[in-house]
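Accompanying notes for the structure given below.
The values are calculated or read from the model by the stated rules, or taken from the named source; none is laboratory data. Bear in mind the structure is a predicted one, so any value in this text is a computation, not a measurement. Glycine also receives a Cβ, built like all others from the backbone with ideal geometry; neighbour counts cover every protein chain displayed. The accessibility values were calculated without ligands, DNA or RNA, using every heavy atom of the protein model including side chains. Shrake-Rupley method; radii C 1.70, N 1.55, O 1.52, S 1.80 Å.
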Amino acid sequence: MTTKKPMQSPATQPIGFWTVRAGEAIRTRTRGALHRIGVSQPEWWVLHQLSLHPTGVERSTVVDTIGPNDTPAIINTAIDSAVDKRWIDDEEERLTYTELGEKQFRRAFDLQQELQAERMQGISADDYVTTIRVLQRTTANVGGSAWHW
């Protein structure tokens, strides 16, 4: 039996360690849950973007918007996959939902809401906002830049 050693005070622990661990855990949980309903995370990003553009959106806009999440190749593959699954139509590089796509988006959206509630257990809305702001400031402080829609 292995016993865990006590951790250092949070004030002395590296933020980089915890951001990596949190990112890995969240991605693993999210991707596994989405996979169980037949959606990859990049496909979810595509479906989510279409939900914000009910009259359709240019493929290039979706790729540019989702860009910080992964490579353009991964995002284009997700778009092509969603077209193959008949979730979206791609008419002259303009993407729109199909009826099936709207249903799949709703399933994935409901799941994402459940996952967010799970992640927020024991965390106040104010603490969440503070955490996001601290991570944004930390990123800027070390010369990084990031943007999320």
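Brief remarks on what is shown
- Cβ-placed point charges (K, R +1; D, E -1), dipole of the chain about Cα centre in debye, nearest 20: 980 debye
- Accessible area per residue in Å² at 1.4 Å probe, computed on the range 30-149: 62 Å²
- Dipole of the chain, positive direction: furthest Cα of A78, A11, G122, with charges on the beta-carbon: A11
- Cut-off under 5 Å, modelled amide H: who pairs with L95 long-range: V57, E58, R59
- Loop trypsin sites (Lys or Arg not before Pro), the range 53-149, which have at most 16 other Cβ atoms in a 10 Å radius of their Cβ (DSSP): K85, R86
- Rough spin-label spacing in nm, given labels placed 7 Å along Cα→Cβ, for D89 and K103: 1.8 nm
- Spacing of the two label points (7 Å from each Cα toward its C-beta) at K5 and R21, in nm: 1.3 nm
- Accessible surface of the chain, 1.4 Å probe, proportion on carbon and sulfur as whole %: 56 percent
- Estimated from helices alone, the mean residue ellipticity of the chain at 222 nm is -20500 deg cm²/dmol (sum of -39500 (n - 2.57) over DSSP H runs with n ≥ 4, per residue).
- In the range 1-81, one over the average inverse separation of all distinct C-alpha pairs is 15.3 Å, which is the Kirkwood hydrodynamic radius.
- The trypsin sites (Lys or Arg not before Pro) found in the range 1-49 that occupy coil by DSSP, while having at most 14 further C-beta atoms within 10 Å, are K4.
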